[in-house]
1. Could you give the semi-axes, largest first, of the ellipsoid that matches segment 1-43, computed as the square roots of 5 times the alpha carbon gyration tensor eigenvalues and rounded to whole Å?
2. Please compute the contact order of the chain in relative form: average sequence separation of alpha-carbon pairs under 8 Å and at least six residues apart, divided by the residue count, as a percent.
3. If you rank HIS75, HIS262, HIS223 by how much accessible surface each has, with a 1.4 Å probe, what is the order from largest down?
4. For segment 189-205, what does the Karplus curve 6.51 cos²θ - 1.76 cosθ + 1.60, with θ = phi - 60°, yield as ³J(HN,Hα) per residue in whole Hz, taken in order and with x for Gly and Pro?
5. Could you run the Debye sum over the Cα atoms of segment 1-108, one equal point scatterer each and no solvent, and tell me log10 of I(q)/I(0) at q = 0.14, 0.15 Å⁻¹, two decimals?
6. For segment 35-158, take the alpha-carbon Rg, divide it by the Kirkwood Rh, and send me Rg/Rh.
7. If you average the C-alpha positions of segment 158-218 and of segment 1-60 separately, how far apart do those two centres end up, in angstrom?
8. On a C-alpha basis, how far is the centre of segment 305-342 from the centre of segment 93-115 in Å? Whole number, if you could?
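The values are calculated or read from the model by the stated rules, or taken from the named source; none is laboratory data. Everything quoted here is computed from the prediction, not taken from an experiment. Glycine gets a Cβ as well: all are built from the backbone with ideal geometry, and neighbour counts include every protein chain shown. Side chains are part of the model used for accessible areas, which takes the heavy atoms of the whole protein and leaves out ligands, DNA and RNA. Shrake-Rupley method; radii C 1.70, N 1.55, O 1.52, S 1.80 Å.
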Amino acid sequence: MTAALASAGGPPVRSSFLPFALPGIGEEEKREVMEVLNSDWITTGPRVKRFEEALTRYTGAPYAVCVDSGTAALHLALLGLHLKPGDEVVTTPLTFCSTVHSIVHAGGVPVLADVEPDTLNLSVEAAARAVTAKTKALLPVHFAGQPCDLRELWELGRKHDLKVVEDAAHAVGAAYDGVPIGGAGDAVCLSFYANKNITTGEGGALLTGDSDWAEEARLNALHGMSRDAWKRYTKAGSWAYEVVSAGFKYNMTDIEAALGLHQLAKLDGFTRTRRKLVQRYRDALAACSFVEPLGEKPGRSPAYHLFVVRLNLDRLTVDRARFIEELKAEGIGTTVHFIPIHHHPYYRERLRTSPASLPHTEEQFPRLVSLPLFPRMTEADVDDVVEAVQKVGSAFLR
Ligand SMILES: *Cc1c(COP(=O)(O)O)cnc(C)c1O
């Protein structure tokens, strides 16, 4: 006989709430931030340059442009496509809204193609079916940190003369066929948001091998002002600059880069810890009849950004919302990645995407729950989550 559910007055699995994600900022980061604050140069400067160099070394990407969010990196990447009115970009419905906003802000038309049911990554077959004469690019998301079928997407791109812009917000630290994400590909966008695999508080980067794309992004990240305009207040700089485009204010600060430098140095360690925690989850849940982890494909080294499970709703008498409420009562924080893009009013009205055209997304979405996963978590924390999942699931087994 298991204990009563916490929602029914029983003792919760955890008395201290376990959030779904927490940042991992160490003393090195704090010291470096203090050095910046004491240095009289707190905005874009030498540390941003060092962080960009470190990102190119880590990923193998020839160029890195650091900006103040992953969203900004996506916008700058999409601007580099020089879309004309009516030009289409094929992307996934299972993503954060800013992936798709970036297409709209760059003047394009988003076209949603279905995901693979087992990995929740963009289906190459569905993407191929969505390509028209107006398609200019593919915008896959490496969902939960598992790399997409890049070889097939690049092949599809070559066939139709399309660029492939990768939303790698979940995938810094991942590799595909032994090559780090960002080290190959047309344009790859990273996010350093607070709960991402490495964080600068807010931040992001555009990685590319195309020097024109990188140069244009750099200009557009700082008002369209001529190169190294940030130096204009230093002794090395000059008051003179030219504005060559109606750019944006997307530059990363040295305070953020100070965090990023140390976070990047710790990334491989973070990824190893994430992998270990995911393996513990997988082993513990392998025999569980009402949850099913995502599938993994060979040849990928995922970044394990999220641990997403699918509820087998036909085995349960409750829906996902109730399952999440019950886990919360047991002291476990979870969330959902993602509410499909075409479910949001703005895109529902604009895109007129029929849910029937995205059957796997529609079928998987009501089942999705992201369980806690972050490097500061312990194996005992994983065991608590598993215990809570088992407790709630057993209480509502059909
Ligand atoms: C976090 C995230 C973004 C946006 O990154 P920000 O740094 O928060 O702007 C974009 N796409 C996906 C898939 C994300 O998870």
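1. Those come to 46, 9, 7 Å.
2. Over the chain, the number comes to 24 percent.
3. On the way: HIS75 10, HIS262 50, HIS223 70 Å².
These residues rank, largest area first, as HIS223, HIS262, HIS75.
4. 10, 9, 10, 10, 4, 3, 9, 7, 4, 10, 10, 10, x, 10, x, x, 8
5. Normalising to I(0) and taking log10 leaves -0.86, -0.90.
6. 1.05
7. Centre-to-centre distance over Cα atoms comes out at 21 Å.
8. If you average the Cα positions of each part, the centres end up 24 Å apart.
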